[in-house]
Amino acid sequence: MQFIKIGIIGYGTVGHGLVKILKDKKDLIRKNSGLNIEILGLADRSIGKKRDIYTEDIELTTNNPREVIENPNIDIVVELIGGIEDAKDIVLNALRKNKHIVTANKALLATYGSEIFELADNMNLLVGFEASVGGGIPIIRVLKEDMCINDIRQIYAILNGTSNYILTKMELEAKEFSDALSDAQKEGYAESDPTYDIEGVDAAQKITLLGSIAFNRLLNIDNVYVEGISKVRKIDIDLANELGGKIKLLAIAKSMNGSIDIRVHPTIIPKRYFLADVTDVYNAVYVRTSKVDRTMHYGKGAGAMPTGNAVASDIISIGKDIVSSSSKRVPIIGYKNDYINNINIIDINEVESIYYLRFTVLDEPNVLSKITGILGKNKISIVSAIQRGEWLKNGIIPLVLITHKTKGKNVFDAVKEIDNKDFVKDKTLLMRIEK
């Protein structure tokens, strides 16, 4: 029996889930992997308040992760504190102490992945981050290993359970955004400050990592264009349904003629798409490749058990490499080139899409002609216009236009000009339509 000794830094929701899994399933892990996983240390700033039956035989420390990092008997350090700067220090210091790393921290890797991966590679160490994207969905290992003979061409993904839950509530229970967000907070799916979730930052961090693996380039979160769902209203949900679609916060990464198109934004997708059926807090990753064509990967995107399971799977995978002395078996982000950063990212202004535009305007003559005149000046042609009398309230009415395919710059310029007009009473919502 081979022993793998780990230290854990952070005992929050995921940390507790991980320890519970490693304790409760110790015999199953031993049977299925041949490894005996021992937790030699656990650091958490408030560990005294969190002591439970699962930590009774673990050496605990309150606020000094160095006690874990510098323990010469520990093989793998598991970073679960979240955040960026403190986590970066922990991970880099642990690597310098010759420890392999497992983390669920997508924000850290989307920001400092290049530095962390390069140091680990130079030290002949591994970094496991399956839990950083998609919770319990085993997508990182799939892209790194199972699809290694494929050219990955496109990724379309729902990567934030909070936003997906809110959009599901708005659709199925006819709720406005604010009420659906409140429900998400009551259920524990959204933080008191939900900005990272509803404004697309969380999904952007995750698609950064998926894009890095898929396209053999080290991408940074700064590469990703991001829009959130906070401007989406029930009227948009209803109209998307009438148009034969559903609204999803979509994370997109495409390889296009040597360049990369990577972005996150609310998108109307056809109901026939598998992604349209992904509801509540579930995540899904749709991948299109050169050999197997289309695959879909679906599961819970967060939570103690799904994420803890992904962390445990990384520990076991690295443990097997330690036992077999083969830390170079699979490179950290799945390819053997140098850490390449020089890739052209397609500017969002150049990306062509069909657009859904909802203007909030005074109910006055000639408003439609004024708006279409500005759109036409910016080379935007209209497929259809939707405006209904029952929407009128206090002299203000929504006006929805669907465009032909056009460049982002055309739409941004036109909307900026239109929103400055006196007859416009709120910021315009723009959403892309995927067909």
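The values are calculated or read from the model by the stated rules, or taken from the named source; none is laboratory data. These numbers come from a predicted model, not from an experiment. Neighbour counts run over all protein chains shown; Cβ positions are idealised from the backbone, glycine included. Just so you know, the surface numbers come from the protein's heavy atoms only, side chains and all, with ligands and any DNA or RNA stripped out. Shrake-Rupley method; radii C 1.70, N 1.55, O 1.52, S 1.80 Å.
What the table shows:
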item: Hey, Lys248 closer than 25 Å to Lys144 by Cβ, in contact (Cβ under 8 Å) with a residue 60 or more places away in the chain, basic (Lys, Arg) and crowded, with 23+ Cβ neighbours inside 10 Å or not; result: no
item: Qualifying residue in segment 332-355 (condition: more than 34 Å from the chain's Cα centre (by Cα) and in a strand (DSSP E or B)); result: no
item: From the options Val311, Val351, Val367, residue that is open to solvent by less than 30 Å² (accessible area, probe 1.4 Å), farther than 22 Å from Arg153 by Cβ and in contact with a helix residue (DSSP H, G or I) (Cβ under 6 Å, 6 or more places away or on another chain); result: Val311
item: Conditions (1) surrounded by 24 or more Cβ atoms within 10 Å (Cβ to Cβ); (2) under 23 Å from Asn220 (Cα atoms); (3) in contact (Cβ under 8 Å) with a residue 60 or more places away in the chain: number failed by Cys148; result: (1)
item: Hey, Gln185 out of contact with any strand residue (DSSP E or B) (no Cβ under 7 Å at 6 or more places or on another chain), buried (at least 22 other Cβ atoms within 10 Å of the Cβ) and closer than 30 Å to Leu429 by Cα or not; result: no
item: Among the residues listed as Asp321, Asp413, the single one being without any contact (Cβ under 8 Å) to a residue 40 or more places away in the chain and surrounded by 14 or more Cβ atoms within 10 Å (Cβ to Cβ); result: Asp413
item: Of all residues making up segment 289-309, the number that are under 26 Å from Asp151 (Cβ atoms), within 17 Å of the chain's Cα centre (by Cα) and in contact (Cβ under 8 Å) with a residue 60 or more places away in the chain; result: 3
item: Candidate set from segment 193-212 (those that are open to solvent by 20 Å² or more (accessible area, probe 1.4 Å) and acidic (Asp, Glu)); member that is farthest from Gly83 (Cα to Cα); result: Glu199
item: Scope segment 253-275; condition surrounded by fewer than 23 Cβ atoms within 10 Å (Cβ to Cβ) and outside any loop (DSSP other than H, G, I, E, B); matching residues; result: Lys254, Ser255, Met256, Ser259, Ile260, Asp261, His265, Ile269, Pro270, Phe274, Leu275
item: Of all residues making up segment 276-288, the number that are open to solvent by 10 Å² or more (accessible area, probe 1.4 Å) and either aliphatic (A, V, I, L, M) or without any contact (Cβ under 8 Å) to a residue 24 or more places away in the chain (or both); result: 2
item: Residue within segment 120-133 that is free of Cβ contacts under 8 Å to residues at least 24 places away in the same chain and open to solvent by 10 Å² or more (accessible area, probe 1.4 Å) present; result: yes
